[in-house]
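Just below is one structure, and these are the notes that go with it.
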Amino acid sequence: MSKANIDNQALALAGLFQAVHLVEQLARTGNVNEKDLKTSIESLFQTHPQSIEDVFGGSRENLKLGYKEVRFLTDGKSPTGSSPDVMRYALAVLHLESKLRKNKKMMPKVSSGIEQAKRQLDHFHSSHENLIANLSGLYQETLSTFRFRIHVTGNAQHLQNTQNAHKIRALLLCAMRSAILWRQVGGRRWQLIFSRPRLNKSCKEALSKMQ
């Protein structure tokens, strides 16, 4: 496997892990970095990117948080303040992606819903509550209907907050987008074990170029 393939897989995994890290943060603290949130949300609307970087705003630096998570995953360490829930959510999304891929009726429904939400960008910015609520509804109408569901745990007060709940569902949809991208660039679950050293090196190289 070429270095370019590994770099692309590391980037897609960074997108996935950044989204689920934000899910964990919202569930635990009720807050997330607005820039990181926008990077994840806007990735949904990059349906015809010129490059894989374009999916995440044209720069790997937008996925710094995600790269850190993948780096820690692949060298066996846990970041300070991180939670095992981040890994649990990521693996759950990858499992759900396999279910979605096999469901020929569901994928077009997801794609159509994203296109509808994309039209809202003419009126709202990417983290506007109306657009987030629309994406949350799309998640409920599609991915939440599978027998296998992602169970998010955290502070009950934050989880019961309507806006936080909408953001969490929207971010799980974003994580799914990255999981699909990861598979498109050749990612497979076994590589999380057998390609760890190369993924780790790719993440370290990407992070070393960031401020």
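Couple of notes before you dig in:
- Residue within region 82-103 that is surrounded by fewer than 14 Cβ atoms within 10 Å (Cβ to Cβ) and more than 21 Å from R189 (Cα to Cα) present: no
- Filter result for F56 (out of contact with any Lys or Arg (no Cβ under 9 Å at 6 or more places or on another chain) and surrounded by 24 or more Cβ atoms within 10 Å (Cβ to Cβ)): yes
- Of the residues in region 67-85, at least one is in contact (Cβ under 8 Å) with a residue 12 or more places away in the chain, more than 19 Å from C203 (Cβ to Cβ) and assigned to a helix (DSSP H, G or I).
- Some residue of region 119-129 being basic (K, R), farther than 22 Å from A12 by Cα and in a loop (DSSP other than H, G, I, E, B): no
- Test for R169: is it assigned to a loop (DSSP other than H, G, I, E, B) and on the phi < 0 side of the Ramachandran plot: no
- Odd one out for F17 among (1) assigned to a loop (DSSP other than H, G, I, E, B); (2) touching a residue at least 60 places away in the same chain (Cβ under 8 Å): (1)
- L37 meets each of the listed conditions (1) in a helix (DSSP H, G or I); (2) within 21 Å of K204 (Cβ to Cβ); (3) of a type outside the set (D, E) apart from (2).
No lab work stands behind these numbers, since they all come straight from the coordinates. Everything quoted here is computed from the prediction, not taken from an experiment. Every residue, glycine as well, gets a Cβ built from its backbone with ideal geometry; the counts of neighbours run over all protein chains shown.
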